[in-house]
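Below is one structure, written out as structure tokens, with a few remarks after it.
Each value in this text was obtained by applying a stated rule to the coordinates, not by laboratory testing. On a predicted model such as this, the values are computed, not experimentally measured, just so you know.
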Amino acid sequence: MYWKRIHAAWFGTHFFLLTAVCLAGIFWLIAQGSTILPSASDEYARKAELVATWCLGKEARASNPLRRGIATYLHAAGIQAGYSFFAPNVPSHHRLTFELFYDDGRVEYESPHVRSKAAALRLDSLLDRLPEERYESVREALVRMLAFSVWREHPDVKKLRATFGSVNPPGITEFEQGKTETFQPMFSFDFSLRDEQKQ
Amino acid sequence: MVKFPDSEASVRLNPLGRWCQRAVNFLFPTETDTWLAVLRIGLGLQLIVYALFLRSDWHYLFASSGKGLVGREVGEAIASFESPLIPRLGWLVAIGRNFNVSEETVLSVTWVCLLSAGCFVLLGLLSRPAAILAWFVHLCAAESGGLLAYGADSFMTTALFYLMLSPLPDRYSFDHWVAKTKPKNPQLLGFWRRVLQVHLCFVYFIGGLAKCLGNGWWDGSNLWRSLIRPPFTIVPPDILVRFKYALPVLGIAICLLEVSYPIFIWMKKTRLIWLMCILAMHAAIGLLMGLYLFALVMIIMNVAAFGVSSKHATTQASCKNLDQR
């Protein structure tokens, strides 16, 4: 009968962690004020989110073995993120455009691209993550790498400007009135790729 | 001390004991391995499709900086910050480097391993080693390309995680046919099916709850936005506009379908309706938004969890015998 006890204990632990992950995600959404709940609930949600993340060991030091153990398990089981896809609302789409400046004064426009549609979904997933606060520290490095992937196909480019922004689609009524999507620039970077290559 | 009872325990129990017995009965029902065969075959197919879909971009997505799209180092650094024990492709590349094998070759071998593991899982040949290999290689790819990952990757990891822990091989596998393996403990099979069932209840309840908290799902605008949002624009907006009065109804239906899944999927009378609606929703996501991998893995998990009959011919007595082994 010991196998039943072991399995029951694992079941309890596994779904306790999954509950904590899911609740942390829900409370985070509420704390961000992106739900239909009144703003008075934001503060409570923030506290509740802290409790949920504490259960996951995320309030401990980064080197804490328990925190690392829980994180490893969550990733191994694929339960490190909640299930609030396209919720509470569908986020804006993001676009990264490169202006390629040549020596002879020509300017071309290009976007990072992949071959297959399955990989294109992943590229869009990356672009949608770029504006998130937690990726702020690696944002420029990521855009630089994407710029480098484009530059490899256009090695005679002198300068490259990356413009990143959100694309807001029209609502149904706006679409019927003939309105199209609007582009809201968020940030841009200039890269002198030839100089970087020399370095 | 409360003893974990067998299902036919006739001892008189206090309220805690009765609660415990109900919990045990819920966690360890007797099951055939048909659901496991469905999960195994489905995930084998999923792995093959996953590998083939990414074939042309595999090196481009997972090569190191300067050779690929963004280089896998950033994704691996983020995963490593969470825990250095999370598997990633960098480990395999480092092992290859010790044997003078180039990064490109290691990535190619990894892709072949994933495809082969998918074929082995599909056929049920060396079922458990193949399931473990598939889980590990897929996890490495998902973590190294963490910034490029999306929902389908998490669900694939979870499904493969449960598959490799489940009592493989099933009776429809090559392993059973070749090695004539003994039937697995029906209660252990039931336990792992319960895990999958409860997991799906979490998925839909949390997903539905989060959607209910957004105003855009109540007026249909979120459904519109999700269908015209690149790269999911398969149906032209001109056609969608014709169904503009149906969008709010569909938006509300999705919210209610998901949030009530943990209730109605357990009731015999409503199970089939809820299952068919959920399968139709995922099929629509796959066809109308091009999220084929996501749709496929969700359909597989739902069919394995709730779509296969749970009738078991084995008597309680034989269960007891298996328990005592």
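I need to check one value: relative contact order of chain B, counting alpha carbon pairs closer than 8 Å and at least 6 residues apart, in percent.
Worked out over chain B, it gives 22 percent.
State which entries of A:117/B:244; A:117/B:268; A:58/B:244 exceed 32 angstrom in Cα-Cα distance in the structure shown.
A:117/B:268; A:58/B:244
Determine the calculated [θ] at 222 nm for the protein assembly as shown from helices alone, applying -39500 (n - 2.57) to every DSSP H run no shorter than 4 residues and normalising by the residue count; nearest 500 deg cm²/dmol.
For the protein assembly as shown, the value works out to -19000 deg cm²/dmol.
Report the Cα-based extents of region B:32-166 along its three principal axes, largest first, to the nearest Å.
50, 29, 26
What residue among B:16, B:107, B:36 shows peak mean-square fluctuation when chain B is described by a Gaussian network model with Cα springs under 10 Å?
Comparing B:16, B:107, B:36 in a Gaussian network model of chain B, the most mobile one is B:16.
In percent, what relative contact order does chain A have, based on Cα pairs under 8 Å that are 6 or more apart in sequence?
After rounding, I find 16 percent.
Between region A:153-177 and region B:124-163, how far is it from one alpha carbon centroid to the other, in angstrom?
34
Roughly speaking, what is the centre-to-centre gap between region B:18-96 and region A:1-74 when only Cα atoms are used, to the nearest Å?
21
For region B:196-310, what does the equivalent ellipsoid look like in terms of its semi-axes, each the square root of 5 times an eigenvalue of the Cα gyration tensor, given largest first in whole Å?
25, 16, 12
Return the sequence-ordered ³J(HN,Hα) values of region B:205-215 in whole Hz as given by the Karplus equation 6.51 cos²θ - 1.76 cosθ + 1.60 applied to θ = phi - 60°, using x for Gly and Pro.
For region B:205-215, the Karplus-derived couplings read 5, 5, x, x, 4, 4, 5, 4, 7, x, 5 Hz, x marking Gly and Pro.
How big, in percent, is the set of alpha carbon pairs in the protein assembly as shown lying more than 35 Å apart?
Above the 35 Å cut-off, the protein assembly as shown has 40 percent of its Cα pairs.
For Cα pairs less than 8 Å apart in space and 6+ apart in sequence, what is the mean separation divided by the residue count of region B:196-310, i.e. the relative contact order in percent?
Computed over region B:196-310, the figure is 30 percent.
Non-local amide H neighbours of residue A:187 (under 5 Å, H modeled in plane, Pro and chain starts lacking H): which ones?
Sorted by chain and number, the residues that satisfy this are A:164.
Using θ = phi - 60° and the Karplus form 6.51 cos²θ - 1.76 cosθ + 1.60, what ³J(HN,Hα) does each residue of region B:121-138 get, whole Hz, x for Gly and Pro?
Along region B:121-138, the couplings run 5, 4, 7, x, 9, 6, 3, 5, x, 5, 5, 5, 4, 4, 4, 5, 5, 5 Hz.
On alpha-carbon atoms, Rg over Rh for region A:2-77 using Kirkwood Rh?
1.09
Tell me, what HN-Hα J-couplings in whole Hz come from the Karplus equation 6.51 cos²θ - 1.76 cosθ + 1.60 at θ = phi - 60° for each residue of region A:175-182, using x for Gly and Pro?
Using θ = phi - 60°, the values come out as 4, 5, 7, x, 6, 10, 5, 10 Hz.
Highest GNM mean-square fluctuation, chain B, Cα pairs closer than 10 Å: which of B:131, B:149, B:51?
Among B:131, B:149, B:51, the largest GNM mean-square fluctuation belongs to B:149.
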